[in-house]
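**Q** The structure's right below; bear with me while I get my questions together.
The values are calculated or read from the model by the stated rules, or taken from the named source; none is laboratory data. As the structure is a computational prediction, the values presented were derived from the model and not from experiment. Cβ: placed from backbone, ideal geometry, glycine included. Neighbour counts: every protein chain shown.
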Amino acid sequence: MINDLAEKILRSEKAAIARGISLVENESPQASVLLKKLYKNTGRAYLVGITGPPGAGKSTITNSLTKLLRAKGHTVGVIAVDPTSPFTGGALLGDRIRMQDSGTDEEVFIRSMATRGSLGGLSRKAKEACEILDASGKEFIIIETVGVGQSELDIAQTADTTIVVLVPESGDAVQTMKAGLMEIGDIFVINKSDREGSEALGIALRTMLHLKMTRESDRETPVVKTVASRGKGIDELLDLILRHKDYLAQKGKLESKRRENLLKQINELVNHRLEHKFWTAEKKSQLDEKIALISGREITPYDFVDGLFTDK
Ligand SMILES: Nc1nc2c(ncn2[C@@H]2O[C@H](COP(=O)(O)OP(=O)(O)O)[C@@H](O)[C@H]2O)c(=O)[nH]1
Ligand SMILES: [Mg+2]
């Protein structure tokens, strides 16, 4: 059955891709069987991460970018991770694209993943969903995440090219720096540049990026202004993505970036498995039993954990 599903995913059948991602999302034991079968067919897609504050226009940009890539004959997969609006966020994106022209397009696959369990789990699942899309032959995979927490930043960072979307009203550039977005952006987008303040944001951003460049990189991080709702600046954005792709390839950086991501992924898998194995029903009930005493300062958390590790 999984063999059959894998075959269909490799043939890029939409229903099979959807089923595969559901297995991943539900942490079905079959998910890892599937991922193992698909693995040798992955590594071919180019991953683009789009992150930034809620409402910055990430979905609108993803939508326009998808259409543009399709117009140029590329196949596209989209994973929208939106913990801030578990029920509508991603669905809106799907609907919007469906309402336009990608709904019946066999070469586009869009999926939103909401937080059901932990965010950490979500980051792992999003990456696994990307592997499925990759194996299905999508040339470009866009991952949209809200840039507000560590997990979201992790997801964004697994991309080959990470785009940070800012808007004039999202506050000043300093706030962006605090949120850790400055470090992860390969390309910065000032969206809603039809609004006041985009000039000032552009200047502040370029100044900070220039300082960053002189410190650590041989490449100046580009800033592009867009009005995504009118499709303005998206051509330029795609051009910058492709240029970054070339830059990574030429400098041998794509390979090292991906290897680093693999190491991270392996580490996450190990941690996940250890944690799962460690927390037996018995240990969980011990915790339930003792938590009141620990919080009442009668037992220290250190002694309690020592006990968990010595018990057998
Ligand atoms: N004025 C203006 N509105 C925009 C622009 N891009 C997107 N929007 C609107 O901003 C809102 C949030 O966009 P969305 O793509 O859902 O943001 P996300 O939360 O970052 O995914 C929507 O109502 C969009 O139509 C833009 O360039 N200018
Ligand atoms: Mg969105």
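**Q** Please state which one of Lys40, Lys67 is closer than 12 Å to Ala135 by Cα, over 18 Å from the mean Cα position of the chain (by Cα) and either within 16 Å of ligand 1 (Cβ to nearest atom) or assigned to a helix (DSSP H, G or I) (or both).
**A** Lys40
**Q** Right, something else. Filter the stretch 192-205 down to the residues that are closer than 25 Å to Ser217 by Cα and either in contact (Cβ under 8 Å) with a residue 24 or more places away in the chain or touching a strand residue (DSSP E or B) at 6+ places or on another chain (Cβ under 8 Å) (or both) and list them by number.
**A** Ala200, Leu201, Gly202, Ala204, Leu205
**Q** In the stretch 253-266, is there at least one residue being under 21 Å from the mean Cα position of the chain (by Cα) and among the hydroxyl-bearing types (Ser, Thr, Tyr)?
**A** yes
**Q** Can I ask one more? For the stretch 231-271, give me the residue count where each residue is touching a strand residue (DSSP E or B) at 6+ places or on another chain (Cβ under 6 Å), more than 21 Å from Cys130 (Cβ to Cβ) and assigned to a helix (DSSP H, G or I).
**A** Total satisfying the criteria: 2.
**Q** Do you know which of the residues in the stretch 32-74 that are crowded, with 21+ Cβ neighbours inside 10 Å and of a type in the set (Gly, Ala, Ser) is nearest to ligand 2 (Cβ to nearest atom)?
**A** Here the answer is Ser59.
**Q** Next question, about the same structure. Filter the stretch 119-158 for residues that are away from ligand 1 (no atom under 16 Å from the Cβ) and within 16 Å of Glu183 (Cβ to Cβ); which is modelled with the lowest pLDDT? First the steps, then the outcome.
**A** Keep residues of the stretch 119-158 that are away from ligand 1 (no atom under 16 Å from the Cβ), which gives 119-125, 127-141, 150-151, 154, 157-158.
Filter once more, keeping what is within 16 Å of Glu183 (Cβ to Cβ): 150-151, 154, 157-158.
On the way: Gln150: 70, Ser151: 67, Asp154: 77, Gln157: 73, Thr158: 85.
Taking the candidates together, the pick is Ser151.
**Q** OK, next. Mind checking which pairs have a first residue in the stretch 47-72 that is closer than 13 Å to Phe188 by Cα and a second that is among the basic types (Lys, Arg) and near ligand 1 (Cβ under 6 Å from one of its atoms), Cβ under 6 Å, 6 or more apart or different chains?
**A** Partner pairs satisfying both residue conditions: Ile50/Lys58; Gly52/Lys58.
**Q** Somewhere in the stretch 44-57, is a residue assigned to a helix (DSSP H, G or I) and in the same structural domain as Ala135 (by TED's automatic domain parsing)?
**A** No.
**Q** Could you go through the stretch 80-90 and let me know if any residue there is surrounded by fewer than 14 Cβ atoms within 10 Å (Cβ to Cβ), within 12 Å of ligand 2 (Cβ to nearest atom), farther than 12 Å from Thr145 by Cβ and at pLDDT below 95.
**A** Yes; the residues of the stretch 80-90 include at least one that is surrounded by fewer than 14 Cβ atoms within 10 Å (Cβ to Cβ), within 12 Å of ligand 2 (Cβ to nearest atom), farther than 12 Å from Thr145 by Cβ and at pLDDT below 95.
**Q** Only one of Lys264, Lys253, Lys245, Lys257 is more than 16 Å from ligand 2 (Cβ to nearest atom), surrounded by 13 or more Cβ atoms within 10 Å (Cβ to Cβ), under 22 Å from Tyr46 (Cα atoms) and modelled with pLDDT under 90; which?
**A** Lys264
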